[in-house]
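The values are calculated or read from the model by the stated rules, or taken from the named source; none is laboratory data. Quick caveat: nothing in here was measured; it's all calculated off a predicted structure. With ideal geometry, Cβ positions are generated from the backbone for all residues, glycine too; neighbour counts draw on all protein chains shown.
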Amino acid sequence: MNFPILSLIIFIPLIGAIFIFITTGSQKNVEKNSKYIAIFTSLANFFLSILLLFSFDNTTSEFQFVEEKNWIDGFISFKLGVDGISILFILLTTFIVPICIFSGIQSIKFKIKEFLIAILVMETLMLGVFCSLDLIIFYLFFEGGLIPMFLIIGIWGGPKRVYSAFKFFLFTLLGSILMLIAIISIYWITGTTDIISLLNIRIPNEYQYLLWLAFFSSFAVKMPMWPVHTWLPDAHVEAPTAGSVVLAAILLKMAGYGFIRFSLGLFPLASDYFTPLIFTLSIIAIIYTSLIALMQDDMKKLIAYSSVAHMGFVTIGIFSINKQGLEGSIIQMLSHGLISAALFLCVGVVYDRFYSRMISSYGGLVNFMPKYALVFMIFTLAALGLPGTSGFVGEFLVLIGAFKKNMLVAILASLGVILSAAYMLWLYKRVVFGRASSPELKEMKDLNRTELYIFISLVFLILFIGFYPEPLLNTINVSADNLIINYQTNLEFHLEKINK
Amino acid sequence: MQTIIYILPELFLSSAIMMLLIIGVFVKKSFKLVNFLTILVLFFSAVLVINQPEEIVKIFNESYIIDRLSIIMKVLTFLFSLFVLISSKDYIKENNIDKIEYPIIILASVLGMILMISSNDLIIFYLGLELQSISLYILASFKKDDEKSTEAGLKFFVLSALASGLLLYGSSLVYGFTGSTNFDIISQNLDQNSTGAVFGIVFIIVGLAFKISAVPFHMWTPDVYQGSPTSVTSFFALIPKIAALTVFIRFMYIPFINIFNQWQIIIVFLSIASMILGAVAAIGQNNIKRLIAYSSIGHMGYALAGLATGTISGIQSSIIYLIIYLFMNLGIFSCIFMMKSEKKYCETIDDLSGISRNQPILALSFLILLFSLAGIPPLAGFFAKFYIFMAVIEAKMYTLAIIGLVTTVVSAFYYLRIIKIIYFDKPKKEFDKIYNWGLKFSLALSSILVLIYFIYPTILIDIISSIKIY
């Protein structure tokens, strides 16, 4: 297909942002018009990506819709393409961004025009990460996302926003800058940064370990893995609701995607070698951050720590390197994208009404906000992995995968499932049931129509994936198989070389 | 007669300086006229340089060279001097430094730099260097009733004279051990084992490092940047770096290329020290000019890292870095000229807190430029650093690359601090509206170029790739 659909999907939000930037007129008109433009562009992009999914051929593991343009002469080309793994992340992004925009319109009180520009630019950059088929282009998009996110946290965030924004920026910058060295080194070792050709080139044994570590440093910070996860709770707590949603639902997934695409694809020998490291860190993350989450009295912080724990499952799944583990981790990422977005929105709903994130400020909400109590319950159950929700499918597959690879890891990881049930249910109990902690809570209004639609769409998807994950698995299937086969043949090749 | 064609820009420039001096003296209240004519002169000199032939020409007993490197650097010098003059017009007027000498001295220092850029001989080089240095001393202390400006001028004079002395001593050693002042002959005669010549080269490098303000010869930079009038600071931060870097490239790659192993270590040290100091020392600064001084030290560290590789791609990356640096700093200084509250120019960073409220476009340009200085993709500053690291890693200098990248993160902190004050803090002051078109033009030009550079990054490579050194 010659139609540049991927470029279109990537750059539509940017064009929307430019239009918002040039709208002029009275304050009120500008705000109204920019809201319409933002909603229109993000929804248009969502439908375009659904079109992409329907024209996607899931019987081949080749990259599809590939477009290539010369960018820096004879050196880097602007190359895009998707396979079964990345296409789902594109859909996740285009689905989450309109939700963020709707939520932002409701809760952001000042500089709404700038906020919408930042979100749309962010969407362009995130989509670019999942579509790019060149390491340099990937890095550009990956790193460029720092700018809008920094501004979103810093301008529209809570009281400690400056500290959090700086921490977020510097942590991720330090991590990813090592990846830049690795990318340049790969260029000088192999003579190309084109991902398709790199996947067929075997990188010499002696370079693999260091390069893997450089990529790991970047992805581990972004993922985030223990012990470099400390930026995440701060960033989540201070970011505005829409910012937390983008952060949890999409930004963290860029790291998981990176692990699958680059760590497994380019450095099989090193991935094999470092698997125990990943498993150890992930197990610590799952158990330790779950325990921390139990003790939180700030709702957003609790969900942030639970994200770290859930991401632990993802890394275990990826590095189990079998079909179940890999597919499970992808499903887990998608489902965590939906669930964490939903949970942050739930916190946002009560925060917009009562201006407190403390668990102790609430209680007995079921009496005043029944609809809210219902959706919150569905999301809580999804987060703890109840069968029938998307959370279950992901965790279950990951645990099967881990069991095949290493029984101890699987057993320890399943401890996390129990812990997540503990902190999520306890959170739900303290916020929704019990007695209202203050009489003003009685004034709280239930969900309005926009919020209800947002939540219904999320509930629908979470349950859909939970009951019928087949279409997703079909999309991933061939690409995942191919990835694992490639990994194993390459690994054998490298190991043979060592034995010689 | 043939040779005159080649030095037409230099002849035009020097006769223009004399003409302007006469006009300035005989026409009353002629600052506006002289300033305007100076801008025209810079523009036409740039046009003359662009029209020079492309082949390498060496004239006056091979002591003066015209090649692609010199043409590109001269054009940059002329154009950026022109931008600096345009953007600082209001500032000059409001600070009572609108004397006719001001543009004329700027022209004189530009002439000195042009001579440096084209020199292929130690004596011509020294002549040019002194012409530019003496003009710069005067410029630094131009606001003569201001204590800080006078102090800056004096400090700069004393230290710079010392550096020039070292340079001269080094040159004489090199002459003594190689028997010539001509670069090509030095290159042939230089013996790797001759300690005297190596000493001479070390002295020369020290002198050059001073001019480019590389650590540990940077002491003058923060004080001079802070003390001088801002219009002069913007000149200091941009234009002398072009000539100094060109001379650095020429010295290292023509006369001294045979003892690459010896000087490489020195340059690597200068580069690492500058990057670290530029990143760390700027953190605590509250005066924006002083902060820019430290940041420019850091940036020169990166440019030197490209030079230290000893490869052609290293030189190209340094030149690309320089060009992008010039655009970014032109923008930053345009922003500083626009930061005016109640008819006073603000110099401390804390004063900036109001601009995102009252001047959103200015704040946005500032934001773009600062992220670009920090080297965040997809802005131009990232590409500048990217090419440098490409070259450095190609030369397998991993330590240098890693230190460079870590300092990038550290320096990101203070750029972010400015952004934080602009965007996150509560506004304190109202900022005045600026109506000067020259200022707006240079700000718009630099920030838009920095923003959209990623669309067609090949453009600079195309320009640079025609440069041949050997």
Per the list (1) crowded, with 24+ Cβ neighbours inside 10 Å; (2) among the hydroxyl-bearing types (Ser, Thr, Tyr); (3) touching a Lys or Arg at 6+ places or on another chain (Cβ under 8 Å), residue check on B:SER353 breaks on (1)
Conditions: (1) over 26 Å from B:ILE452 (Cβ atoms); (2) within 14 Å of chain B (Cβ to nearest Cβ). A:PHE78 meets all but one. Number of the miss?
(1)
Looking only at segment A:83-106, decide whether some residue is at pLDDT below 85, crowded, with 18+ Cβ neighbours inside 10 Å and of a type in the set (Phe, Trp, Tyr).
no
Could you count how many residues in segment B:352-374 are more than 27 Å from the chain's Cα centre (by Cα) and in contact (Cβ under 8 Å) with a residue 24 or more places away in the chain?
7
Specify the residue that is surrounded by the fewest Cβ atoms within 10 Å (Cβ to Cβ); the eligible residues are those in segment B:368-382 that are more than 8 Å from chain A (Cβ to nearest Cβ) and in a helix (DSSP H, G or I).
B:ILE368
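Mind telling me which of the residues A:PHE368, A:PHE319, A:PHE403, A:PHE379 ends up being touching a residue at least 12 places away in the same chain (Cβ under 8 Å), closer than 21 Å to A:SER271 by Cα and aromatic (Phe, Trp, Tyr)? Don't jump to the end; show me each part of the working.
Details: A:PHE368 fails: closer than 21 Å to A:SER271 by Cα; A:PHE403 fails: touching a residue at least 12 places away in the same chain (Cβ under 8 Å); A:PHE379 fails: closer than 21 Å to A:SER271 by Cα.
Of the residues listed, the single one that is touching a residue at least 12 places away in the same chain (Cβ under 8 Å), closer than 21 Å to A:SER271 by Cα and aromatic (Phe, Trp, Tyr) is A:PHE319.
Pick from B:LYS385, B:LYS396: which is part of a loop (DSSP other than H, G, I, E, B), more than 18 Å from A:ILE155 (Cβ to Cβ) and within 14 Å of another protein chain (Cβ to nearest Cβ)? Even if it seems obvious, please write down each step before you answer.
Working: B:LYS385 fails: part of a loop (DSSP other than H, G, I, E, B).
Only one candidate qualifies: B:LYS396.
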Considering only residues of segment A:352-377 that are under 25 Å from the mean Cα position of the chain (by Cα) and crowded, with 19+ Cβ neighbours inside 10 Å, which is modelled with the lowest pLDDT?
A:ARG357
Can you tell me which of (1) part of a helix (DSSP H, G or I); (2) free of Cβ contacts under 8 Å to residues at least 24 places away in the same chain is the one A:ARG353 doesn't meet?
(2)
Take segment B:221-279 and flag every residue that is free of Cβ contacts under 8 Å to residues at least 40 places away in the same chain and touching a strand residue (DSSP E or B) at 6+ places or on another chain (Cβ under 6 Å).
none
How many of the residues in segment B:55-86 are closer than 18 Å to B:GLN316 by Cα, out of contact with any Pro (no Cβ under 9 Å at 6 or more places or on another chain) and not β-branched (Val, Ile, Thr)?
6
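Taking the options A:ILE476, A:ILE485, A:ILE456, name whichever one is modelled with pLDDT of 85 or more, among the hydrophobic types (A, V, I, L, M, F, W, C) and more than 22 Å from A:ILE339 (Cβ to Cβ).
Details: A:ILE476 fails: more than 22 Å from A:ILE339 (Cβ to Cβ); A:ILE456 fails: more than 22 Å from A:ILE339 (Cβ to Cβ).
Exactly one of A:ILE476, A:ILE485, A:ILE456 is modelled with pLDDT of 85 or more, among the hydrophobic types (A, V, I, L, M, F, W, C) and more than 22 Å from A:ILE339 (Cβ to Cβ), namely A:ILE485.
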In segment B:412-464, anything facing another protein chain (nearest Cβ under 9 Å) and either in contact with a Cys (Cβ under 9 Å, 6 or more places away or on another chain) or polar (S, T, N, Q) (or both) is listed as B:THR458
The residue from B:PHE203, B:PHE156, B:PHE199, B:PHE210 that alone is in a helix (DSSP H, G or I) and over 22 Å from the mean Cα position of the chain (by Cα) is B:PHE199
For segment A:429-457: of the residues being hydroxyl-bearing (Ser, Thr, Tyr) and more than 11 Å from A:SER361 (Cα to Cα), which is farthest from the chain's Cα centre (by Cα)?
A:THR450
Looking at (1) aliphatic (A, V, I, L, M); (2) in contact with a Leu (Cβ under 8 Å, 6 or more places away or on another chain); (3) not in a helix (DSSP H, G or I), which is the only condition B:ALA46 fails?
(3)
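Going by the conditions given, is B:TYR294 at pLDDT 90 or above, within 30 Å of B:LYS144 (Cβ to Cβ), of a type outside the set (Gly, Ala, Ser) and in contact with a Gly (Cβ under 7 Å, 6 or more places away or on another chain)?
On the way: at pLDDT 90 or above: yes; within 30 Å of B:LYS144 (Cβ to Cβ): yes; of a type outside the set (Gly, Ala, Ser): yes; in contact with a Gly (Cβ under 7 Å, 6 or more places away or on another chain): yes.
The answer is yes for B:TYR294.
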Inside segment A:90-116, can you point out the residues that are farther than 18 Å from A:PRO4 by Cβ, more than 14 Å from chain B (Cβ to nearest Cβ) and among the hydrophobic types (A, V, I, L, M, F, W, C)?
A:LEU91, A:LEU92, A:PHE95, A:ILE96, A:VAL97, A:ILE99, A:CYS100, A:ILE101, A:PHE102, A:ILE105, A:ILE108, A:LEU116
With segment A:117-235 as the region, which helices (runs of 4 or more DSSP H) entirely inside it contain at least 2 residues that are within 14 Å of another protein chain (Cβ to nearest Cβ)?
A:135-144, A:146-156, A:161-190, A:205-222
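Given the residues B:LYS99, B:LYS74, which is the only one that is among the basic types (Lys, Arg) and farther than 30 Å from B:ILE186 by Cβ? Full working, then the answer.
Working: B:LYS74 fails: farther than 30 Å from B:ILE186 by Cβ.
After ruling out the rest, the residue left standing is B:LYS99.
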Considering each residue of segment B:83-140, count those that are in a loop (DSSP other than H, G, I, E, B) and either of a type in the set (S, T, N, Q) or under 30 Å from B:ILE66 (Cα atoms) (or both), and give that number.
4
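Of the residues A:ASP352, A:ASP298, which is touching a Ser or Thr at 6+ places or on another chain (Cβ under 6 Å) and among the charged types (D, E, K, R)?
Residue meeting the stated conditions: A:ASP352.
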Can you tell me which residue is surrounded by the most Cβ atoms within 10 Å (Cβ to Cβ) among those in segment A:164-218 that are closer than 20 Å to A:HIS236 by Cβ and touching an Asp or Glu at 6+ places or on another chain (Cβ under 6 Å)?
A:SER176
Some residue of segment A:461-474 being in contact (Cβ under 8 Å) with a residue 12 or more places away in the chain and of a type in the set (Ser, Thr, Tyr)
no
Lone unmet requirement of (1) more than 22 Å from the chain's Cα centre (by Cα); (2) of a type outside the set (Phe, Trp, Tyr); (3) part of a helix (DSSP H, G or I) for B:LEU451
(1)
Over segment B:421-452, the set of residues closer than 19 Å to B:ALA282 by Cβ and either buried (at least 21 other Cβ atoms within 10 Å of the Cβ) or in contact with a strand residue (DSSP E or B) (Cβ under 8 Å, 6 or more places away or on another chain) (or both) is B:ILE422
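Mind checking whether some residue in segment B:61-69 is of a type in the set (Ser, Thr, Tyr) and out of contact with any strand residue (DSSP E or B) (no Cβ under 6 Å at 6 or more places or on another chain)?
The first filter runs over segment B:61-69 and keeps only residues of a type in the set (Ser, Thr, Tyr), leaving B:63-64.
Keeping just the survivors that are out of contact with any strand residue (DSSP E or B) (no Cβ under 6 Å at 6 or more places or on another chain) gives B:64.
Yes, because at least one residue in segment B:61-69 is of a type in the set (Ser, Thr, Tyr) and out of contact with any strand residue (DSSP E or B) (no Cβ under 6 Å at 6 or more places or on another chain).
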